[in-house]
Each structure stands twice: as structure tokens, then as C-alpha cells.
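Structure, as C-alpha cells:
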């Protein structure tokens, strides 16, 4: 299921990014590691595009936590790109105090 949601996030980020992140992180937290090769690819590219495109935007605290959780999981899977995206997120993203 995560591969389909990650594909939607990758192909249609404007409509599925935030909700998809929340859904995939909830699935991963409850069922354990479900990240296949395609899921990793879709997520790491979508995350990188999203951060670069929305460089000056604030993100909610909940989205930040789930974003970071998924990036940590991708790094554990051996994704070098996710490591750099995670570091960029930690160093430069503005977090809003509202949910």
C-alpha cells in the first residue's frame, strides 16, 4: 500500500503530499518496515522536490515530525539522498507553532 501512496505523492504532490506523508508514516509506525525499493525512490525524490520548491514556507510541527520519521527510515534503508534531505530539513526548515 505504501508504494501506491508514495507514487501518488511523487506524481501529484500538490494533491497528496501532506496527507500521504501522514498516512505512510502511520502505516510504518504500526506495521514496521514496509518500504520497498520503489517506495524509497518515490519518497526520496518527492521529498527533495518538495523541500527545494517550498524553500521559504513554514511547515506544521506534525508534518515536520512525520517528515523526519520517514527520512530517518529511508536513511536506515541506506538512502544517501535521504540523508542529505534530512540534514537540509533539520537545518533550514521553518516550523510553525500551529498544527
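We did not get these values from a lab; they are worked out from the coordinates using the rules stated. Because the structure is predicted, anything quoted here is derived from the model rather than measured. Reconstructed Cβ throughout: ideal geometry from the backbone, glycine too, with neighbour counts over all protein chains shown.
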For this session: Being touching a strand residue (DSSP E or B) at 6+ places or on another chain (Cβ under 6 Å) and more than 22 Å from residue 5 (Cα to Cα) is the filter here, so list the residues in region 58-92 that pass it.
Result: 58
For this session: Give region 1-11 a look and list any residue that's over 14 Å from residue 70 (Cα atoms) and in contact (Cβ under 8 Å) with a residue 24 or more places away in the chain, or say none.
Result: 1, 7, 10
Seminar exercise, completed: Reported set for region 12-45 where residues are closer than 17 Å to residue 87 by Cβ and touching a residue at least 40 places away in the same chain (Cβ under 8 Å) is 44
Exercise. Which condition number does residue 58 fail, the rest of (1) within 10 Å of the chain's Cα centre (by Cα); (2) without any contact (Cβ under 8 Å) to a residue 40 or more places away in the chain being met?
Worked result: (1)
